[in-house]
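Each remark here refers to the structure printed beneath this line.
Please treat every number below as a calculation from the coordinates, not as lab data. Note that the coordinates shown come from a computational prediction; the quantities given were computed from them, not determined experimentally. Positions of Cβ are generated from backbone atoms using ideal geometry, with glycine treated the same way; all protein chains shown enter the neighbour counts.
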Amino acid sequence: MSPAGYPIPRAAYIHVPFCAHRCGYCDFTLIARRDDLIDDYLRALEIDLDRLKGRPVIDTLFFGGGTPTHLSAEQLRRLTKIVLGHFQLADGYEFSVEANPAGLDDAKIAALADAGVNRVSLGVQSFDAEILVRLERDHRRRDIVSAVEHLLESIGNVSVDLIFGVPGQTLANWKGTLTQAIKLRPTHISTYGLTFEKGTQFWNRLNKGELRQASEELERSMYAAAMDQLSDAEYVQYEISNFARPGFVCRHNEVYWRGLPYFGFGPGAARYINGSRQINHRSVSTWLKRVFADDSPIGEIDELSAEDGARELLVLLLRRCEGASKQEFQQQTGFDIDELAREAVDCYTGCGLLEETDTHIRLTREGRFVADTVFVDLL
C-alpha cells in the first residue's frame, strides 16, 4: 500500500505520440511528421521515469499512441530498455504495444519480441481499400494479412481494431470486414463505432456537409452483426467494444474498467494514483519543455468526490459484460448501489436495458446498443 493507504499501481501506460500523419477522425495526443523530436522524447521520458520511487513491479504494461511502431527498430529497442529499466514485469505479465500494419517490418517485430512484448494491438480499421482511403489510413489489405501472420508467429497474442459506421460503408461491407478479420484468427477483436470528435478534420467536414454520418439504424445493425458474427466464431464479448478468444482478454484495459490505479508517462498520458486522476500536458512541445526544465508535466488534476468517484466506477464496471458486483462495489467505494442509483436501475431493468441478480447488475444485449444513454442517468 502507498503511504496514504491507497494501493500501489500494478499497471503502467506509456504514451508514444508519433505518427506518419494524423487521420481525419483522430483526436488523440500525437504529433505527425516530427520525427526529429523522437530522440528528445526518449531523453525526456527517461528523465520523467527517473522520478519514480524504486522500480515498481507491474502486471500490465501498455505502449499506446500515436503509433509506437512508427519508431525505428533501434528506437523501439531504446524505448523498451528505458521503460523496463524503471519497471519490473511480474510473472505472468501482459506487455502490449499498439501498431500500424504499414511499416511493421521484421526488424520492428523482432525488437518488440526481444523486449518481451507479448501482445500487439493492430490498428486495422477495415480490409476494404475504399474505406481505408476514406479513413485516411496508409495501409492496405496485404499489409494487414502480412502483419497479423508475422505477429501471430513471433508474438502470438494479436488484437485487431475495426471501425464501423464510416461514411459510405454498407452493412454488407462491414460484415465482409468481420469475416476477413475472423479468417486471420487473431486472439482479440475490438469494434468501434466511428465518432466525429470536435476539432477533428472529420468534425469540420461533417459540419460543412462534406461527410454524412451513418444512420442510427445502420450503426445498430452493424454492431449487432459484430456481436453475432464474432460470437459464432467463438470470440467472447467481455466489454461493450471488445471480444476475445478464451484466455485473451486485455488485462491492461481491465485495470481501467475496474477502477484500479495505474501509472502514466508521456505527453497526454493519464495516471490514477492515490485516488487522484492526473493528465499530462497534451502538447508534445510543452511536455518536453516542462520535463527538461524539471517542472511537473501534469496539465490537469481531477479530484472526484467520493460519490462522484463511485458513480464513475459504476459506469466503468457496467461497460464489462460481467457487470458490477454489488459486494465488490460496496467494498471498493463504501457506497451501496441502491444508495446511488436505485431509481435509475429500476427504470432501466423495467425496460429491459439492465438486468439485476442478487449479486450483480449488468447491461442486457439491448442495453449495449444504448449504453451511453443509460450511463448518463447513472452519473
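Counting only Cβ charges, +1 for Lys and Arg and -1 for Asp and Glu, the dipole size of region 308-378 around its Cα centre is about 320 debye. Relative to the Cα centre, the charge distribution of region 141-216, modelled as +1 at Lys and Arg Cβ and -1 at Asp and Glu Cβ, gives a dipole magnitude of about 240 debye.
Each of N274, Q125, T333 was placed along the dipole of the chain (beta-carbon charges, centred on the mean Cα), and the one lying farthest toward the positive end is Q125. Put a plus charge on the Cβ of each Lys and Arg, a minus charge on the Cβ of each Asp and Glu, and nothing anywhere else: the dipole of the chain about its Cα centre is then about 1020 debye. For the chain, relative contact order (Cα pairs under 8 Å, six or more residues apart, normalised by length) works out to 16 percent.
Overall shape: oblate for region 182-310, with the ratio a/c of the largest to smallest alpha carbon gyration tensor axis at 1.5 or above and b/c at least equal to a/b.
Each Lys or Arg adds one and each Asp or Glu subtracts one; over the other residues with Cβ under 11 Å from the Cβ of I82, this totals +1. Can you find, among T187, P68, Q88, the residue farthest towards the positive end of the dipole of region 11-257? Put +1 on the C-beta of Lys and Arg, -1 on that of Asp and Glu. Among T187, P68, Q88, the one farthest towards the positive end of the dipole of region 11-257 is P68. Distance from the alpha carbon centroid of region 17-36 to that of region 175-235 works out to 22 angstrom.
Stretched out straight at 0.36 nm per residue, the stretch from T359 to F292 would grow longer than its current Cα-Cα span by 19.1 nm. Residues in region 97-140, backbone N under 16 Å from the label point at E210 (7 Å along the Cα-to-beta-carbon vector): list them, ranges by number please. Under cut-off, by backbone N: 133-137.
Here each label is just a point 7 Å from Cα along the line to Cβ, and for E303 and R141 those points are 5.6 nm apart. Our helix-only sum for the chain, with -39,500 (n - 2.57) per DSSP H run of n ≥ 4 divided by its residues, gives a mean residue ellipticity at 222 nm of -12000 deg cm²/dmol.
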